[in-house]
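Following: one structure in structure tokens, then a few remarks.
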Ligand code: 5GP
């Protein structure tokens, strides 16, 4: 238990490190001499993205977007708003969108559409956690760390109502509501 929540599974720091390294190896292979632009989705991605780029010893650029959809509930409202856009020009460049979690797929399908309007050379998607239970929009994921069937994930940058972001590991919690 953590507070009132039952822990379904813990993903340890070592397990996270191994998966981050695996994703980094795949990205290095594909983007050698191409200087990709990594676009992170705030806030949840801040720890994953900083660990990831430190495992990628090739030139790259970093930018961020912020999207609002969740409010204080643990299910997506379906309505997505872009509250902070990218600032780098991406036309003609290879882009990798980096996200903490894909759940319904609504956030990423919205963002991919938005990014493609800027005519990058290519767009790939990297997520730390691929949640399979509630997918509504099909999204092609190119790199991922973990697959999770059910529950709500916190820690390693991910919050529940702004709690638990600071945990160095990931907890999958059983949510009643
Ligand atoms: P989607 O649009 O794919 O349903 O949701 C993506 C966003 O919802 C993620 O960026 C994340 O902010 C939030 N989200 C979805 N599932 C979880 C979860 O299990 N834990 C946390 N902390 N956020 C989640």
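The values are calculated or read from the model by the stated rules, or taken from the named source; none is laboratory data. Computed from a predicted structure; not experimentally measured. Methodologically, a virtual Cβ is constructed for each residue, glycine included, from the backbone with ideal geometry; neighbour enumeration extends over all protein chains shown.
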**Q.** Positions within the stretch 24-50 being without any contact (Cβ under 8 Å) to a residue 40 or more places away in the chain and farther than 18 Å from residue 142 by Cβ, in sequence order
**A.** 33, 50
**Q.** Any pair with Cβ under 6 angstrom, 6 or more apart, that starts in the stretch 149-177 at a residue that is over 17 Å from residue 14 (Cβ atoms) and ends at one that is more than 10 Å from the ligand (Cβ to nearest atom) and modelled with pLDDT under 95
**A.** 149/132; 151/8; 151/174; 161/72; 173/5; 174/6; 174/8
Q: Would you please list the contacts, defined by Cβ atoms under 7 Å and residues six or more apart or on different chains, that run from a residue in the stretch 80-92 that is at negative phi to a residue that is surrounded by fewer than 13 Cβ atoms within 10 Å (Cβ to Cβ) and modelled with pLDDT of 95 or more?
A: 91/119
